[in-house]
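Enquirer: Here it is, the structure in full.
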Amino acid sequence: MSRMKKGNGLLRFLVVAALFALVLTGCNGARKYEAVDLSSETAAGAEMFGNGADLAAESTDTGASGSGDADVQALGEAAGEPLSADPEGGDVASESSELAEAASESEELSSEMSEAESVEAAREAAAAAYTAAASDDAETAPEIPFNGHTVAIDAGHQAKANTSKEPIGPSSTTMKAKMPEGAVGTSSGVPEYEVTLTVAKKLEKELINRGYHVVMIRTSHDVNMSSAERSVAANKSGADILIRLHAGSMDNSSVYGALSTCMTAQNPYNASLHDKSYNLSKKIVDTVCGTTGTKNRGVQETDSSSDINWCEIPVCVFEMGFLSNPDEDTWLQDDGYQGKIASGIAGAVDAYFAEGN
Ligand SMILES: [Zn+2]
């Protein structure tokens, strides 16, 4: 009996805690993709609470106190059962009624066990969803006001290279592969397209935390977008600047360090963007080398890059390091090091816009 009661007490607590978490989650307003992804990965129990969260949000909006059937039932059981069970404690009951009670209780127990399990699963899912929503809020802090600047981030390369050709700039007759295969970490074996997207996502969060709007040119590896197409997407996005992340590779494995690339001041397609692009590029390489401690290889100017020539907004192609250098490859795979790259770039972006650009 007392174990049953404890079980009921725990169940009550779990249900109340889960509902509380739900209301909090529902009150957060716009649901973030992280929370949605998380709930879609959880089992059947979470399904109920996924719906419950919507209902809770709706009832908050409309002021109604009603909730889903499942919620009402769970509340009723949690509140009602112990009250009727308590006065029937075993002292005065006859053996036969105790047996009957025990039999019916064991039925209840088994039904409650599975219910408790699903409630427990749902509670965990709700708590996880709430934590995800809360931490997402903390990271993206929707209360941070828009600072007026939008940054496009292109994570270089993609899972499958596209070797068909495109002009290196508008109306150019010089052709290059639409999307060349990237480098591969010499010691990690990690492909460049993975490193670039990992850092791009960290940079996205870092910039959102600072009040920027961010346009991600790609968010998955499974895309087929050429250099020119990515530039055009950035041009049309309303972004003020474009940052393209890459990691280099050289035959000489001793070469390491970061470098930025932009157009020359005589670029036939977008020379007018040179000064701002150079300024941004220099700030990025300088700041990141400060935060990470890697070698500063400066800014390189070129007019043969289709990553640059199609751009109609200031652009920096940032080579974060060399995957062909065993040490730098190892650094580039490190979560903390990637964070330093992201915060370094974000600091440079702050400094760039602080100058009135
Ligand atoms: Zn690359």
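Enquirer: Within 19 Å of Val285 (Cβ to Cβ) and in a loop (DSSP other than H, G, I, E, B): does that describe Met250?
Expert: yes
Enquirer: Within segment 227-240, does at least one residue satisfy the condition of being under 18 Å from Gly156 (Cα atoms) and not in a helix (DSSP H, G or I)?
Expert: So far as segment 227-240 goes, yes, one or more of its residues are under 18 Å from Gly156 (Cα atoms) and not in a helix (DSSP H, G or I).
Enquirer: Of the conditions (1) within 20 Å of Leu197 (Cα to Cα); (2) out of contact with any strand residue (DSSP E or B) (no Cβ under 8 Å at 6 or more places or on another chain), Tyr269 fails just one. Which one is it?
Expert: (1)
Enquirer: Here are Val199, Val223: which of them is within 16 Å of the ligand (Cβ to nearest atom), in a helix (DSSP H, G or I) and either touching a residue at least 12 places away in the same chain (Cβ under 8 Å) or in the same structural domain as Val255 (by TED's automatic domain parsing) (or both)?
Expert: Val199
Enquirer: Can you tell me how many residues in segment 243-275 are touching a helix residue (DSSP H, G or I) at 6+ places or on another chain (Cβ under 7 Å) and away from the ligand (no atom under 16 Å from the Cβ)?
Expert: Total satisfying the criteria: 7.
Enquirer: So in segment 226-242, with the set limited to residues that are of a type in the set (S, T, N, Q) and crowded, with 22+ Cβ neighbours inside 10 Å, which one is nearest to the ligand (Cβ to nearest atom)?
Expert: Ser227
Condition check ((1) more than 15 Å from the ligand (Cβ to nearest atom); (2) free of Cβ contacts under 8 Å to residues at least 60 places away in the same chain; (3) crowded, with 23+ Cβ neighbours inside 10 Å) across all residues:
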| position | (1), (2), (3) |
| --- | --- |
| Pro145 | yes, no, no |
| Ala155 | no, no, yes |
| Lys160 | no, no, no |
| Thr163 | no, yes, no |
| Pro170 | yes, no, no |
| Thr173 | yes, yes, no |
| Lys176 | no, no, no |
| Ser188 | yes, no, no |
| Val195 | no, no, yes |
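Enquirer: Output the number of residues of segment 261-288 satisfying the condition of being farther than 20 Å from Ala354 by Cα and of a type outside the set (Phe, Trp, Tyr).
Expert: Result for segment 261-288: 11.
Enquirer: Please determine whether any residue of segment 202-214 is within 14 Å of the ligand (Cβ to nearest atom) and either touching a Pro at 6+ places or on another chain (Cβ under 9 Å) or open to solvent by 20 Å² or more (accessible area, probe 1.4 Å) (or both).
Expert: Checking segment 202-214: not a single residue is within 14 Å of the ligand (Cβ to nearest atom) and either touching a Pro at 6+ places or on another chain (Cβ under 9 Å) or open to solvent by 20 Å² or more (accessible area, probe 1.4 Å) (or both).
Residue-by-condition table, conditions (1) open to solvent by less than 20 Å² (accessible area, probe 1.4 Å); (2) more than 13 Å from Leu242 (Cα to Cα); (3) at pLDDT 95 or above; (4) assigned to a strand (DSSP E or B):
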| residue | (1), (2), (3), (4) |
| --- | --- |
| Asp286 | no, yes, yes, no |
| Gly290 | no, yes, yes, no |
| Val299 | no, yes, yes, yes |
| Ile308 | yes, no, yes, no |
| Val317 | yes, no, yes, yes |
| Met320 | yes, yes, yes, yes |
| Asp329 | yes, yes, yes, no |
| Lys340 | no, yes, yes, no |
| Ala351 | no, yes, yes, no |
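The values are calculated or read from the model by the stated rules, or taken from the named source; none is laboratory data. The structure presented is a predicted model; accordingly, all values stated were derived computationally and were not measured. Neighbour counts run over all protein chains shown; Cβ positions are idealised from the backbone, glycine included. Surface areas here come from the heavy atoms of the whole protein model, side chains and all, with no ligands, DNA or RNA. Shrake-Rupley method; radii C 1.70, N 1.55, O 1.52, S 1.80 Å.
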